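To start, the structure itself, in structure tokens.
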Amino acid sequence: MRGWLLLRAFDIDFECEVVPLRSNDWDRFIADNAPARTVPALRVQNGSASFLLWDSLAIAEFLHEQHPRAGIWPDALDARAAARSITAEMHSGFAALRDSMPMNLRRRYPGFEPQADALFDVRRIETLWEWAGSQWGANGAYLFGDRLCAADVFYAPVASRLRTYGIELDANSQLYVDALLSHPAVREFYRAAEAESWVLPHVELDERG
Ligand SMILES: N[C@@H](CCC(=O)N[C@@H](CS)C(=O)NCC(=O)O)C(=O)O
């Protein structure tokens, strides 16, 4: 989701290959793209040659370098520093939330009770959103104003989890989740997920061992 949004939401041309996890296609993808072993991975055509980069944060920085006016990071120095900080914290953290509430756009789990450590992550995320929004949000729908930036992209999978598992949020965080998940590019991603035919049992909460 993050890799795709980093291109789609900033109007950067790209072609997308969907590789279902734990499939024969996945084994082929890994063999063809070593040493990358996760998605997203971005293959960049460079003249007649190409090179590969992977990891969503590396991709975000590369795209910003290549498209400095696309708005991937906020324009103001302090806002950009803040956006990078909360993005990095998401990228390296919130393990309890991510482990116990796997991303699953097509499902809803009414009555889900989050574990205490996942709830701790949720409260920290609310704090970060409030901090960014109150200083740089200028009453816009997103963390750094009225335009989506990479920080929002990185929190989009978190927002989707909060919706999937029906986690209760403070009013401002709920407004932000609703706005983020209503962004046209995010909606397009949800529609693509709805159209998928495969199910990954390891992210279906009721089918996990
Ligand atoms: N830190 C990496 C995480 C990438 C990641 O874990 N991707 C998952 C899919 S969302 C994956 O490729 N998993 C490989 C597997 O389960 O074998 C990033 O931000 O790109």
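Site pair Tyr109 and Thr38 shows an inter-label distance of 2.1 nm when each label is modelled 7 Å from Cα along Cα→Cβ.
Taking a ≥ b ≥ c as the square roots of the eigenvalues of the Cα gyration tensor, an a/c ratio of 1.5 or more together with a/b no larger than b/c marks region 1-120 as oblate. When only Cα pairs below 8 angstrom with a gap of at least 6 residues are kept, region 2-66 shows a relative contact order of 29 percent.
Could you tell me the relative contact order of the chain? Use alpha-carbon pairs under 8 Å, at least six residues apart, and round to a whole percent.
Relative contact order here is 22 percent.
Determine the shape class of region 22-65: with a ≥ b ≥ c the square roots of the Cα gyration tensor eigenvalues, call it rounded for a/c under 1.5, and otherwise prolate if a/b is greater than b/c, oblate otherwise. Don't jump to the answer; show the numbers that get you there.
Details: a/c = 3.10, a/b = 1.46, b/c = 2.13.
It comes out oblate by the Cα gyration axes.
What does the C-alpha gyration tensor say about the overall shape of the chain? Classify as rounded when a/c is under 1.5, otherwise prolate if a/b is larger than b/c, or oblate. Judged from the Cα gyration tensor, the chain comes out oblate (a/c at least 1.5, b/c at or above a/b). Of the GluC sites (Glu not before Pro) in region 112-209, the ones in a loop by DSSP (not H, G, I, E or B) with at most 14 other beta carbons within 10 Å are Glu168, Glu196, Glu204.
Would you kindly state how much longer the chain becomes between Arg124 and Leu21 on full extension, computed as 0.36 nm times their sequence separation minus their alpha carbon distance, in nm to one decimal? Numbers along the way, then the final one.
Values: separation 103, 0.36 × 103 = 37.08 nm, distance 2.98 nm.
Working it through step by step, the gained length comes to 34.1 nm.
Computed from the coordinates by the stated procedures, all read-outs in this text should not be read as laboratory data. Note that the structure is a prediction, hence the values are computed from the model and not measured. Positions of Cβ are generated from backbone atoms using ideal geometry, with glycine treated the same way; all protein chains shown enter the neighbour counts.
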